[in-house]
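Remarks on the structure that follows.
The values are calculated or read from the model by the stated rules, or taken from the named source; none is laboratory data. Just so it is clear, the structure is predicted and the values come from calculations on it, not from any experiment. No Cβ is skipped: glycine too gets one built from the backbone with ideal geometry, and neighbour counts run over all protein chains shown.
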Amino acid sequence: MVGSGYDFVITTDRTMMSNHHGKEFIGFLATGPAYFFPERVWLRLCCPKPKVDKEGKPIEAPYGLRKVEAALIDAGYKAAIIDPDHLEKHLRHAKAVMVGHHDYFAYGPPSSEWWLLTGKEPVNRVSLMRFMRWLGERKRRYGFKIIVGGPAAWQWLWEPEFWHSVGVDTVVDGEAEIVIKKIAEKIVNGEPLPKYVYVGASDVPSIEEIPVIKGASVNGLVEVMRGCPRGCKFCSVTLRPLRFMPYEKIEAELKVNREAGILDAIIHSEDVLLYRAKGVIPQEEPLIKLHKLFTKYTRSLAWAHASLAAIVTAQRNGKIITKLTDIIYSENEQDYLGVEVGIETGSIRLVRLYMAGKAAPYPPEKYPEIVEEAFAIMHEHRIVPAATFILNLPGERPEDVMATVELLEKLRPYRSLIVPMFFVPMGSLKGDKRIIARVKVTPEHLEAFRVAVRHSAYWAKDIMARFYLKGPKHALTRFLLSRFVNLVESKAMKILSSLEHFEGKELTIERKELPQIPA
């Protein structure tokens, strides 16, 4: 079958090119190894193939790929996102294939935790590397360029041999809307390409330079804000300048999704409650306007991320959380709200050292209290958080971990999923050569894992029955997932028990020395 002659084909592997059955959390199953089922069955469970048109263009595609596609189309290039199963017919005519991913080699959280604990490569790494080897073989046949980018572009620096073996021409690290057009121009003109491009704070696109997506995004994700003012040292988002998307641009993307039949939405920001905030103080008027805009076009919505301090501040200052959830539950067909939050630590010392802004506008010593109050507010308002905390931060002490354990135990009454993550050197800590890619397992780490596993297993069944898969039509699915949760809890506890003899030793993922990359 003859392709359509797109100069620039944009794609990714199956773990990313999926809507995960319309449930974002199900996509996280791809960050672990395939347990209980063969990999192909595991992929079908968590990463089903999307609907595509006759050319193999998916009806909904990852939002970051949509932005690259829009930037190239607006610049006059013939570009399209193509499902990986339909690539072959487009490669003969393509000048370049552009690949994006959130966790190329499973070095990011939570993939690296599963890898370290089980000793088995996560599905997303296996899938991506298989796809890239296939793409490298096709490049040798057809001669197109390979450009890779996305939030996990930095991971290619840790895989220089694989980079070379599959023939990646350029790695784009950072916001790509401007630089991708420059790279496309070089490709069209036959000019040499840079091997690595880092998009710093001074090079990011302005609001005017960020294009409106041309096709629907996975699960209706729409970005409302870039950057974060909190300044956590372990987070790469804080390195970007703060920008708020105007209502008109947000509405345009909501219309694109609705016209494609996508009636659900994810409000995307590193802290949704800081949309048009005054510093770190949420503002009622713009937040209500934002949520009324989303409910105009959707039947349900979720928040991508919110900070716990912002949740507390918003509720204390005018009961904004109550007002927002009243809007969502009365105007949409939903009775709960999903969100990702970061607990990070219960240690006041580590808060002061690495994330003082995480507690703002409250002092660091109040942070554990703020976390518990935020969880109580969410529980009362049927907001279901998927929460994370970080172990093995540089300079961590046993008492720091135990402070986190004590905080987690206080959160037991509140409906939530809590996931531990080992520190990955990103953000302002990314270039610190003192930080090595190793995890020293301690008794305190194991206890933190146990508390988190028990908490999440307890609440997972409640969340599925009460919100996620309620009603008789989901009875079988609910039963199977409940059994799966029991199996995961049992397996996790066995793994933790088997790790007890590793206490005080180092579990490692082999990571290459950073190569010198030409500009």
Give the residue that is farthest from Val171 (Cα to Cα), with candidates limited to residues of the range 186-206 that are aliphatic (A, V, I, L, M) and modelled with pLDDT of 95 or more. Val188
State whether the residues of the range 156-168 include one that is touching a residue at least 40 places away in the same chain (Cβ under 8 Å), in a strand (DSSP E or B) and either surrounded by 20 or more Cβ atoms within 10 Å (Cβ to Cβ) or among the aromatic types (Phe, Trp, Tyr) (or both). no
Residues of the range 40-74 being among the acidic types (Asp, Glu), under 19 Å from His86 (Cα atoms) and not in a loop (DSSP other than H, G, I, E, B), in sequence order, are Glu60, Glu69
For the range 216-257, how many residues are over 29 Å from Gly357 (Cβ atoms), surrounded by 16 or more Cβ atoms within 10 Å (Cβ to Cβ) and either without any contact (Cβ under 8 Å) to a residue 40 or more places away in the chain or in contact with a Cys (Cβ under 7 Å, 6 or more places away or on another chain) (or both)? 0
List the pairs whose first member sits in the range 282-295 and is over 23 Å from Ile262 (Cβ atoms) and touching a residue at least 12 places away in the same chain (Cβ under 8 Å), whose second member is in a helix (DSSP H, G or I) and of a type outside the set (A, V, I, L, M, F, W, C), and whose Cβ atoms are under 8 Å apart, counting only residues at least 6 apart or on separate chains? Pro282/Thr313; Glu284/Lys323; Ile288/Lys323
Give me the pairs, please: first residue somewhere in the range 332-361 and at positive phi and touching a residue at least 12 places away in the same chain (Cβ under 8 Å), second residue anywhere and crowded, with 19+ Cβ neighbours inside 10 Å and not aliphatic (A, V, I, L, M), beta-carbon distance under 6 Å, and either six or more positions apart or on two chains. Glu344/Phe389
Sort out for me the helices (runs of 4 or more DSSP H) sitting completely within the range 329-430 that have 2 or more residues that are of a type in the set (D, E, K, R) and either more than 28 Å from Gly27 (Cα to Cα) or within 23 Å of the chain's Cα centre (by Cα) (or both). 348-354, 367-380, 398-410
Filter result (part of a loop (DSSP other than H, G, I, E, B) and surrounded by fewer than 24 Cβ atoms within 10 Å (Cβ to Cβ)) within the range 106-129: Tyr107, Gly108, Pro109, Pro110, Gly119, Lys120, Glu121
